[in-house]
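> Attaching a single structure in structure tokens format; questions to follow.
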Amino acid sequence: MAPRIADEPAYVLHRYDWSESSLILEVLTRRHGRIALVAKGAKRPSSNFRPVLLPLQPLRLGWGGDAEIRTLKGAEWVGGHVMPTGDALLSGYYLNELLLRLLARDDPHPVLFDAYSAVVRVLASEHGEALEPVLRTFELLLLREIGMLP
């Protein structure tokens, strides 16, 4: 029987079209690392997933399946901050790209997830002077977590 996960903290790193009405999501989760999910029907105007599956927003996700791409069963916005804008938004996309390129799937890094969550809160807080130090700190932590930095 395929495992079913519920109420897992997560962030959408990237999303792309899979079919006329569905999306493939690359998400970062706290206990499962980076995983791929299919959100069936997420592009339909009546979908509950449509307004929730946004990058740089804290989510609680549920999914099922044991294949490489699992099936999204539930998504809930946790809230807490607004979508970053300007340089902060670009910085967030940069972080997402780093995680997509450097993290293997199904390799959990809870410390990295917590750091990413903290950086996203800073990006949404409009503290422009804090962007560069926060990004450099995250980059170093990421390199340390994946074993590329002593």
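> Of all residues in the stretch 17-31, count the ones that are closer than 18 Å to residue 51 by Cα and either among the hydrophobic types (A, V, I, L, M, F, W, C) or surrounded by 13 or more Cβ atoms within 10 Å (Cβ to Cβ) (or both).
8
> Among the candidates 38, 12, 52, single out the residue that is among the β-branched types (Val, Ile, Thr), more than 26 Å from residue 80 (Cβ to Cβ) and open to solvent by less than 40 Å² (accessible area, probe 1.4 Å). Steps first, answer last, please.
Details: 12 fails: more than 26 Å from residue 80 (Cβ to Cβ); 52 fails: more than 26 Å from residue 80 (Cβ to Cβ).
Going through 38, 12, 52 in turn, just one is among the β-branched types (Val, Ile, Thr), more than 26 Å from residue 80 (Cβ to Cβ) and open to solvent by less than 40 Å² (accessible area, probe 1.4 Å): 38.
> How about the stretch 1-21: which of its residues are modelled with pLDDT of 95 or more and of a type in the set (Gly, Ala, Ser)?
10, the sole residue that qualifies.
> Here's another thing I want to ask about it. Answer yes or no as to whether residue 105 is open to solvent by 80 Å² or more (accessible area, probe 1.4 Å), out of contact with any Leu (no Cβ under 8 Å at 6 or more places or on another chain) and at pLDDT 90 or above. Spell out the reasoning first.
Working: open to solvent by 80 Å² or more (accessible area, probe 1.4 Å): no; out of contact with any Leu (no Cβ under 8 Å at 6 or more places or on another chain): yes; at pLDDT 90 or above: yes.
Against the criterion (open to solvent by 80 Å² or more (accessible area, probe 1.4 Å), out of contact with any Leu (no Cβ under 8 Å at 6 or more places or on another chain) and at pLDDT 90 or above), residue 105 does not qualify.
> Moving on to the next point. Kindly check whether there is at least one residue in the stretch 71-86 that is surrounded by fewer than 13 Cβ atoms within 10 Å (Cβ to Cβ), of a type in the set (Ser, Thr, Tyr) and farther than 23 Å from residue 5 by Cβ.
yes
> Right, something else. Condition test on residue 21, is it assigned to a loop (DSSP other than H, G, I, E, B), in contact with a Lys or Arg (Cβ under 9 Å, 6 or more places away or on another chain) and not charged (D, E, K, R)? Full working, then the answer.
On the way: assigned to a loop (DSSP other than H, G, I, E, B): yes; in contact with a Lys or Arg (Cβ under 9 Å, 6 or more places away or on another chain): yes; not charged (D, E, K, R): yes.
So residue 21 fits the description; yes.
> Starting from the stretch 64-88, keep only residues that are farther than 30 Å from residue 134 by Cβ, then list their pairs with residues that are among the β-branched types (Val, Ile, Thr) and part of a strand (DSSP E or B) whose Cβ atoms are within a distance under 8 Å, requiring at least 6 positions of separation or different chains.
64/5; 64/71; 65/71; 69/24; 69/38; 70/35; 70/38; 71/38
The values are calculated or read from the model by the stated rules, or taken from the named source; none is laboratory data. Every value quoted in this text rests on a predicted model; they were computed, and no experiment measured them. Here the Cβ is made from the backbone with ideal geometry for all residues, glycine too, and neighbour counts use every protein chain on show. For the accessible areas, the whole protein counts, side chains as well, though only heavy atoms, and no ligand, DNA or RNA atoms are used. Shrake-Rupley method; radii C 1.70, N 1.55, O 1.52, S 1.80 Å.
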